[in-house]
Structures are given as C-alpha cells and as structure tokens.
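K.L.:
Quick one: structure below, then a few questions.
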Amino acid sequence: MALRLRGFTSVHRRDVRRSRTVIARRLANLPCPVPRDLVESLRAILFADRPLVDVVYGGGDGGPSTPYARSAGYRIVLYARAFSATAGGPARLAPVVFHELVHIARGWELDSEAFENAWFTQEEGARPPTREDWAIFQEQQYQGWWVRVDPRTRRVMDYADRLIHVFPARPTRSG
Ligand SMILES: [Zn+2]
C-alpha cells in the first residue's frame, strides 16, 4: 500500500491497517454514488505505488479540545484523539482516515464531510458537520469539488444530481 506510516506504536499501526481494510472494502462495494475520479484517486492512494501518502503520528493527550487529524499535500497527521474510544463512543479512526483521504484526493471540507457521513454511520464513528463545519461550507458557497449542499434541506448532491447524503439538523452549539 502507498500509505507510509511514521511514528506510530505497533498497536496504532494495527489500527491504521484495519481502518485501511475497512475503507478498501467499502471502495469495492460503494455505499453511495461516488464520482469516478474520486474512486480512482482513492484506489491509487490505497493500492498503487503512487501517490505515496505519509501518515504521521501527531501525539496529543486525546482531549476534547484536540484535533483528530489534519492533512496537507500528501501527508496526514493523526492525533491521539483519533485512536481513543472515548466514553460512549467508538474510536473514530476509519472515518477520520477516510475523511483525510478525500481531502488528499482534492476534496474540500464539504466533500470530506459528505462522503465520511455517507460511508460511515455515527455508530461507526462518523461525525456530522459541526457548527464550525457549516461556517466553512457557507464560506465556500455550499460547494465542494464534487458535491454541493442545500443549506435548507441539508441534502448533498453530486454534480450529476445524484443524492449522496442528507446531513442531520444543523447544530446550534459548537461540537
Ligand atoms: Zn476536513
């Protein structure tokens, strides 16, 4: 695989590999309509020699004010919080990794949020858009690279007018 893991414990490496397996299975049996070039980019990241994506451990104490992950270029930083199954919730690792892979494939925030929530349930660790995410969507005219959202109905459609996902009611508090 063309994910190069750096700085993880052996337990974390196992968790990242499991997440990759879950994502690969869904890629083989798509949970929702997915634009072809996004499928091809995700396949290339997971199965081809190029692009090579560095996945780096970012540490942190896993607390609620710390990030789950960040990405830039062909680099993903995963923080402790992405690995910790907090009280009442599952480890978010697979949806978090998938969210960042969509960014690496050139997705904007709306693309990553839409496909994360279309591919994974909240029980599996997907997280609906927060108030901050909705502010980003608004700044970006409710558009992504592959999808757009109607802020009133919260329906996400791709540019071929296929329904990708319907976000739950917008949060009134920070999340
Ligand atoms: Zn994002």
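K.L.:
Determine ³J(HN,Hα), in whole Hz, for all residues of the range 6-19 in sequence, where each value follows from phi through the Karplus function 6.51 cos²θ - 1.76 cosθ + 1.60 and θ = phi - 60°; x replaces Gly and Pro.
P.N.:
Those phi angles translate into 9, x, 8, 6, 5, 5, 4, 4, 4, 5, 5, 5, 5, 4 Hz.
K.L.:
Longest exposed-loop-site-free stretch of the chain, with trypsin sites (Lys or Arg not before Pro), DSSP loop and at most 13 other Cβ within 10 Å? Mind dumping the intermediate values first?
P.N.:
Numbers: sites that count: Arg106, Arg152, Arg162, Arg173.
So the longest stretch without any such site is 1-105.
K.L.:
Separate question: Based on DSSP H runs of at least 4 residues, each adding -39500 (n - 2.57), what is the mean residue ellipticity at 222 nm of the chain after dividing by all its residues, to the nearest 500 deg cm²/dmol? Present the calculation step by step, with values, prior to reporting the outcome.
P.N.:
Working: 6 runs with 67 residues, N = 175.
After summing the helix terms and dividing by the residues of the chain, the value is -11500 deg cm²/dmol.
K.L.:
Let me have the relative contact order for the chain, percent, based on Cα pairs under 8 Å that are six or more residues apart. Before the final figure, lay out each step's value.
P.N.:
Numbers: 287 pairs, mean separation 31.9, N = 175.
After rounding, I find 18 percent.
K.L.:
Could you give the dipole magnitude of the chain about its Cα centre, charging the beta-carbon of Lys and Arg +1 and that of Asp and Glu -1, in debye to the nearest 20?
P.N.:
The dipole of the chain has a size of about 400 debye.
K.L.:
Give me, ordered by chain and number, the residues 5 or more places off Gly58 or on other chains with an amide H under 5 Å from its own placed amide H.
P.N.:
Result for Gly58 returns Leu78, Tyr79, Ala80.
K.L.:
For a test of the definition: using alpha carbon positions, the gyration tensor, and the 1.5 limit on a/c, classify the chain as rounded, prolate or oblate. Intermediate results must be reported in sequence, preceding the final value.
P.N.:
Values: a/c = 1.75, a/b = 1.21, b/c = 1.45.
Verdict is oblate for the chain.
K.L.:
Distance between the C-alpha centers of the range 1-76 and the range 139-169? Whole Å please.
P.N.:
With the range 1-76 and the range 139-169 each reduced to a Cα centre, they are spaced 24 Å.
K.L.:
Follow-up question, since we're still on this one. Per 0.36 nm of contour for each residue apart, how much would the distance between Arg155 and Arg43 grow if the chain were fully extended, relative to their Cα-Cα spacing?
P.N.:
Details: separation 112, 0.36 × 112 = 40.32 nm, distance 2.64 nm.
Gain on stretching Arg155 to Arg43: 37.7 nm.
K.L.:
In nm, what is the difference between 0.36 nm times the number of residues separating Arg14 and Val56 and their Cα-Cα distance?
P.N.:
Details: separation 42, 0.36 × 42 = 15.12 nm, distance 1.40 nm.
Here the segment from Arg14 to Val56 would lengthen by 13.7 nm.
Bear in mind that the values in this text are calculations on the coordinates, not laboratory data. Computed from a prediction, not measured in an experiment: that's the story for all the values here. In this analysis, Cβ positions are derived from the backbone assuming ideal geometry, glycine residues included, and neighbour counts consider all displayed protein chains.
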